[in-house]
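Trainee: Right, I'll just put the structure down here and ask away after.
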Amino acid sequence: MITTVALGDGVGAAFTGRSGGVSTAPYDSLNLGGAVGDDPAAVTANRRRAAAALGVDPARTVWMRQVHGADVVFVTAPVPADAGAGDQAGDHGPVDAIVTTVPGLVLAVLVADCAPVLLADPAAGVAGAAHSGRPGTAAGVVPALVKAMCERGADPARIRAAIGPAACGGCYEVPAEMRDEVAAVVPAAHATTSKGTPGLDIRAGIAAQLAASGVDDVRVDPRCTIETPGLFSYRRDGRTGRFAGFVWLEDGHRPSPRGGA
């Protein structure tokens with residue numbers, strides 16, 4: 001159910017899978033998305049299960065109501081469960097990237113073909129998460145996240161990044177005009193599918209954006225959501241659930257005295 005990622009001492013990071021939850025078809029079973037038509041009680045139960053598997057507090061997790069934009073928000077606490085800010089009680093929205101310097105506060109990003117991107121500068125004590133699909137990648141949500149983290153003391157040369165499972169360039173077919181529009185601003189995203197049709201490689205585009213932002217320590221999960229039954233994929237299944245990427249500064253984490261230098 002959980003694939004952990006090493007983003008440095010004092011930082012936790014992971015991607016969930018599809019199994020281990022309570023949701024029924026077509027959301028079976030560990031659907032973590034609150035805006036896809038699943039029973040809200042099942043989503044809440046699944047989020048608690050995921051938190052237990054990660055060893056974190058579900059009440060200290062920040063979720064986003066994602067809108068395929070490039071806005072970044074600094075967060076210091078979860079949205080109150082009764083605030084009604086998002087599609088699931090307690091979701092923060094509308095936003096596609098979040099940053100924190102608060103240990104123990106878990107940042108979550110939901111996906112089902114878009115790329116979940118997790119960033120951390122352990123020395124500065126800054127972590128961030130972004131939802132970067134086709135529109136968000138073209139709009140530059142990940143470079144915006146890097147900039148927001150640097151405003152909180154992070155250094156691109158110290159930032160460690162993880163790009164999670166997403167639709168691969170061999171499967172992500174789009175009209176030629178759409179490919180050209182994205183490639184005009186993110187050339188590395190230009191791809192040709194396994195069928196020889198126009199495609200997009202979102203993860204390659206994000207990796208290039210990170211490099212241009214000065215972030216060289218990048219891990220890329222090679223799994224394609226469309227090709228991997230153990231992951232949710234909107235393009236493959238249509239009505240389906242969402243898996244998540246999580247990143248957090250562990251409780252007790254303290255920045256290096258020179259972390260912000």
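The values are calculated or read from the model by the stated rules, or taken from the named source; none is laboratory data. Bear in mind the structure is a predicted one, so any value in this text is a computation, not a measurement. Note that each Cβ is placed from the backbone with ideal geometry, even for glycine, and that neighbours are counted across all protein chains shown.
Trainee: List every residue pair whose Cβ atoms sit under 6 Å apart, with the two residues 6 or more apart in sequence or on different chains, where the first one lies in segment 33-56 and is over 17 Å from R239 (Cβ atoms) and among the hydrophobic types (A, V, I, L, M, F, W, C) and the second, anywhere, is part of a loop (DSSP other than H, G, I, E, B) and modelled with pLDDT under 95.
Mentor: Qualifying pairs under 6 Å: A53/M1.
Trainee: A follow-up question, please. Taking the stated definitions as given, is V106 of a type in the set (V, I, T), touching an Asp or Glu at 6+ places or on another chain (Cβ under 9 Å) and over 19 Å from I226 (Cβ atoms)?
Mentor: Considered against the rule, which asks whether it is of a type in the set (V, I, T), touching an Asp or Glu at 6+ places or on another chain (Cβ under 9 Å) and over 19 Å from I226 (Cβ atoms), V106 comes out as yes.
Trainee: If you don't mind, another one. Examine segment 140-162 for a residue that is touching a Phe, Trp or Tyr at 6+ places or on another chain (Cβ under 6 Å) and at pLDDT 95 or above, and state whether such a residue exists. Spell out the reasoning first.
Mentor: Residues of segment 140-162 touching a Phe, Trp or Tyr at 6+ places or on another chain (Cβ under 6 Å): none.
No, segment 140-162 has no match at all.
Trainee: Right, next: Starting from segment 135-149, take each residue that is at positive phi and list its partners that are surrounded by fewer than 24 Cβ atoms within 10 Å (Cβ to Cβ) and not polar (S, T, N, Q), counting only C-beta distances under 7 angstrom and pairs at least six apart or across chains.
Mentor: Partner pairs satisfying both residue conditions: G140/A70.
Trainee: Give me a count of the residues in segment 64-78 that are touching a His at 6+ places or on another chain (Cβ under 8 Å) and of a type in the set (S, T, Y).
Mentor: Residues that pass the stated criteria total 0.
Trainee: State which residue is surrounded by the most Cβ atoms within 10 Å (Cβ to Cβ) when the search covers only segment 86-145 and only residues that are part of a strand (DSSP E or B) and of a type in the set (D, E).
Mentor: Applying the first criterion (part of a strand (DSSP E or B)) to segment 86-145 yields 91-92, 97-100, 106-111, 115-121, 126-132.
Next cut, of a type in the set (D, E) only: 91, 121.
Working: D91: 25, D121: 31.
Filtering first and then ranking leaves D121.
Trainee: If you don't mind, another one. Name the residue, out of T197, T193, that is within 23 Å of F232 (Cβ to Cβ) and free of Cβ contacts under 8 Å to residues at least 60 places away in the same chain.
Mentor: Result of the check over T197, T193: T193.
Trainee: Right, here's the next one. Suppose we filter segment 149-167 for residues that are surrounded by fewer than 24 Cβ atoms within 10 Å (Cβ to Cβ), part of a loop (DSSP other than H, G, I, E, B) and not charged (D, E, K, R); how many remain?
Mentor: 3
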